[in-house]
């Protein structure tokens, strides 16, 4: 049975940012690898509670952008303001601790571990007892384990993956692996969830399922979501605002309808003779 | 009022049983549901409380006596509770198949004039909202699962818990509420309508089968007595709520016998959940048993050599003595010892794997089960039995009693059921469970149920020497020979198709002097025989016409006739003449349906000359037939088909010669 979760409750991270205000602001970010300019002077923001899509042709710099946001890459120029704190450099684990979780374009799960253990791994940040308590097991560590397990079971229930709870992830079909990965990201109870092509390689039905889960996560937990996706139908359907990149530059930003009718975007996607 | 009720008390409605069970089985488990990976349980007392609060809440939002309430969703405690809650108010539950498309649901809901609906989740709510215009009677929807429904307009939408809270506050506001509810329960009677179940119906619109409380209670009690079901049983509810089988097994029998029903975590986890529950009483259509066995065999393929040899050895032994031991027949001491060893080494672990360690009674019904499959389960010591039933009968028409089981019959009449075979071979029955009628369909009721209570099953069958019912065909396919004997084509055909050499058979005989058949050989099986015996052939046609092949087929026909002769009802249907068809019956030529069923009338037209040849006594016939090749081209096959007489046996033997000569 599904637990009733109030979205306001999910805001217990206490960042004091109201729904609809800027949660993350990317300011004039540029990223170079040697002579290759992956991202040049890009600015956009992500508002609390929205689903924000980042789209663009291959090599446009979408994944680089996500990697900058969660601290995997450090941009040469510009800065990022997350929850009102400006920073230029952040390590991925710090990003995670500050409430940013993500999934990967190529599923990055622990293949030999069960679905349950994989999602449990996402609770690492919620495990506070140290090594010695864990070794003792009974008492506080056990209580903590039970609380975390409960959270994980709620996620399993939410994503409807009860039947693969104990199956090693490596044995699962791709679509389900993607779902497990989403589950692991959710286990961190993030305030910003980054999804890198959550629907790549899925069939229509799996895409519909995944879209529903993304919308439900957004509606039920109030999680802000930034996603990269190639399927335009999906992007236009589920996202509130879209930012369009091409060759590392921003060429469009707005609601799906605005973006769709922008000439620059049409050119970038359909190609024009220069 | 029910404080003095004893275990054997017989009541007439399920809400009354609920109140009684809360007294007599108070703290015993009534319902389990796996949630967040843990089995949650409710005792009978808690179940009463849940149902009562929900019922009072329902009446608070306007449910009235006589209203119809749709119940849509998978097997979940709250949906089962809603049955009792609805009945306790004198309303009638109408379970609907959860996977039906919106249009079908719209038809059923509108036809049943439901005022309320209790549904599982957002999916069902969406479905009902989308058809709201077509169902003007539908006023309120109650849902179990809250996810995704937060932002819906809640003027006519209620969460299950909210309704229960309404009930709770009504109880707190005035203690009268409980007494009123009990009064409402007492007001219910056996003659009241208990449930309307819509039959899926292969042809035409679904029909609403009305079953009274008396129908349901009495059938459940008969069933309980037949299989000695008591409060200690454990079952898992996983079949569709709208199917009469689930309604009887998971609801009516649970309430009357007092046993616990476990609901799986999700439809995908049933196998795993069943293993954990290890039900003692289990019901499944043949395909479930088939799926289990296949999964098992696939795993055995990957097993080590030793394990595989052990598996094969003990299964062979089980085939030899397992069924006898189960039936209580005498078996030698050594064989018993070896079977015991097998139980420890093989059968026990197998049963554990399938979640059948504690299984006492298992039923299969719905369609015929393969005899091999059936014997496998029985040989490893599982008391699997066949059942023949219908929605119109509250399931039970016939069932196999313990220890007297044969794979090819569906058993003896269930307690309280009378069976009669009509003139045309159709099986008729009359019982305590016989339905009241089809809802708002007098015409269909009259066509199915006679004024004195006999119900037409639509199936043709006969009762064999030991009183077991044998189903042979759909009644509408059964014809009559000129001599007056019964002609059941499918029965005859299946008897022949049992031989691996024979792939397809089309039997003729309706309105004719005797029964004759077209036979298709199985190219794989006969081809491999030809290879082993150095018979060379260039085409299907050539092989089919080979004298040796005719001889082999002839022996099969003879064997089938011998078997038919043993059945007094079927003896007249022995095959007097047959031919081996020069081409394979093919769906591309329209001779078979895409599901590989013979299209009798089409074949009769296409091969009219050959049929005539079967009956005019000729020994061969030249035919040309158009056929479609695999690449889609059409061509003609020409052949001279030989027609052969077959020996017949028994009482039918006398008039044979005249007819055939």
| field | Single match in B:516, B:565, B:530 (criterion: in a helix (DSSP H, G or I) and either within 30 Å of the chain's Cα centre (by Cα) or within 30 Å of residue B:421 (Cβ to Cβ) (or both)) | value | B:565
| request: Run down B:631, B:588 and say which single residue is outside any helix (DSSP H, G or I) and surrounded by fewer than 18 Cβ atoms within 10 Å (Cβ to Cβ). | output: B:631
| field | Criterion (farther than 22 Å from residue B:122 by Cα and either in contact with a strand residue (DSSP E or B) (Cβ under 8 Å, 6 or more places away or on another chain) or more than 14 Å from chain A (Cβ to nearest Cβ) (or both)) met by exactly one of B:20, B:58 | value | B:20
| From A:250, A:260, which residue is over 27 Å from residue A:154 (Cα atoms), more than 15 Å from the chain's Cα centre (by Cα) and surrounded by 21 or more Cβ atoms within 10 Å (Cβ to Cβ)? | A:250
| When you look at residue B:280, is it under 28 Å from residue B:388 (Cβ atoms) and within 14 Å of chain A (Cβ to nearest Cβ), yes or no? | no
| query | Checking residue A:153 against (1) without any contact (Cβ under 8 Å) to a residue 24 or more places away in the chain; (2) crowded, with 23+ Cβ neighbours inside 10 Å, which single condition isn't satisfied? | reply | (2)
| Which ones in the stretch B:30-55 are touching a strand residue (DSSP E or B) at 6+ places or on another chain (Cβ under 7 Å), closer than 24 Å to residue B:169 by Cα and touching a residue at least 24 places away in the same chain (Cβ under 8 Å)? | B:42, B:44, B:47, B:50
| Hey, does the stretch B:436-452 have a residue that's at pLDDT 90 or above, crowded, with 20+ Cβ neighbours inside 10 Å and within 18 Å of the chain's Cα centre (by Cα)? | no
| Of all the residues that make up the stretch B:94-126, how many are touching a residue at least 40 places away in the same chain (Cβ under 8 Å), crowded, with 20+ Cβ neighbours inside 10 Å and more than 18 Å from residue B:67 (Cβ to Cβ)? | 4
| residue A:146 is checked against (1) under 30 Å from residue A:59 (Cβ atoms); (2) free of Cβ contacts under 8 Å to residues at least 24 places away in the same chain; (3) within 14 Å of chain B (Cβ to nearest Cβ) and fails just one. What number does that condition carry? | (1)
| message | If the requirement is being assigned to a helix (DSSP H, G or I), in the same structural domain as residue B:120 (by TED's automatic domain parsing) and within 21 Å of residue B:116 (Cβ to Cβ), which of these qualifies: B:179, B:225, B:220, B:170? | response | B:170
| query | Looking at the stretch B:242-275, which of its residues are in a loop (DSSP other than H, G, I, E, B) and either within 14 Å of the chain's Cα centre (by Cα) or outside the structural domain of residue B:97 (by TED's automatic domain parsing) (or both)? | reply | B:242, B:243
| message | Condition (residue is outside any loop (DSSP other than H, G, I, E, B), in contact with a helix residue (DSSP H, G or I) (Cβ under 9 Å, 6 or more places away or on another chain) and in contact (Cβ under 8 Å) with a residue 12 or more places away in the chain) applied to the stretch B:302-312: is it met by at least one residue? | response | yes
| message | I'm trying to understand the selection: among the residues of the stretch A:120-140, which are away from every other protein chain (no Cβ under 14 Å) and surrounded by 18 or more Cβ atoms within 10 Å (Cβ to Cβ)? | response | A:122, A:123
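Rundown of residues vs (1) farther than 26 Å from residue B:398 by Cβ; (2) crowded, with 21+ Cβ neighbours inside 10 Å; (3) in contact with a strand residue (DSSP E or B) (Cβ under 6 Å, 6 or more places away or on another chain), yes/no style:
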position: B:249; (1), (2), (3): no, yes, yes
position: B:260; (1), (2), (3): yes, yes, yes
position: B:263; (1), (2), (3): yes, yes, yes
position: B:271; (1), (2), (3): yes, no, no
position: B:303; (1), (2), (3): yes, no, no
position: B:321; (1), (2), (3): yes, no, no
position: B:328; (1), (2), (3): no, no, no
| request: With the checklist (1) within 14 Å of chain A (Cβ to nearest Cβ); (2) modelled with pLDDT of 95 or more in hand, flag the one item residue B:238 doesn't pass. | output: (2)
| query | Which residues, counting only those in the stretch A:96-119, are within 13 Å of residue A:185 (Cβ to Cβ) and within 14 Å of chain B (Cβ to nearest Cβ)? | reply | A:119
| message | Tell me whether the stretch A:203-217 contains one or more residues that are crowded, with 16+ Cβ neighbours inside 10 Å, more than 14 Å from chain B (Cβ to nearest Cβ), at negative phi and within 15 Å of the chain's Cα centre (by Cα). | response | yes
| said: Let me confirm something: among A:237, A:267, which residue is surrounded by fewer than 16 Cβ atoms within 10 Å (Cβ to Cβ) and in contact with a strand residue (DSSP E or B) (Cβ under 9 Å, 6 or more places away or on another chain)? | reply: A:267
| request: Please go through the stretch A:157-175 and pick out each residue that is within 11 Å of another protein chain (Cβ to nearest Cβ), surrounded by fewer than 20 Cβ atoms within 10 Å (Cβ to Cβ) and free of Cβ contacts under 8 Å to residues at least 24 places away in the same chain. | output: A:160
| message | Among the listed residues B:204, B:194, B:188, identify the single one that is within 19 Å of residue B:53 (Cβ to Cβ) and more than 14 Å from chain A (Cβ to nearest Cβ). | response | B:188
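A quick yes/no check of all residues on (1) surrounded by 17 or more Cβ atoms within 10 Å (Cβ to Cβ); (2) over 20 Å from residue B:617 (Cβ atoms); (3) in contact (Cβ under 8 Å) with a residue 24 or more places away in the chain:
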| site | (1), (2), (3) |
| --- | --- |
| B:499 | yes, yes, yes |
| B:504 | yes, yes, yes |
| B:514 | yes, no, yes |
| B:527 | no, yes, no |
| Among the helices (runs of 4 or more DSSP H) contained in the stretch A:91-142, which hold 2 or more residues that are under 20 Å from residue B:37 (Cβ atoms)? | A:115-121
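The values are calculated or read from the model by the stated rules, or taken from the named source; none is laboratory data. A quick note: this is a predicted structure, and the numbers were derived from the prediction, not measured. For neighbour counting, all protein chains shown are included, and Cβ atoms are generated from backbone atoms with ideal geometry for every residue, glycine included.
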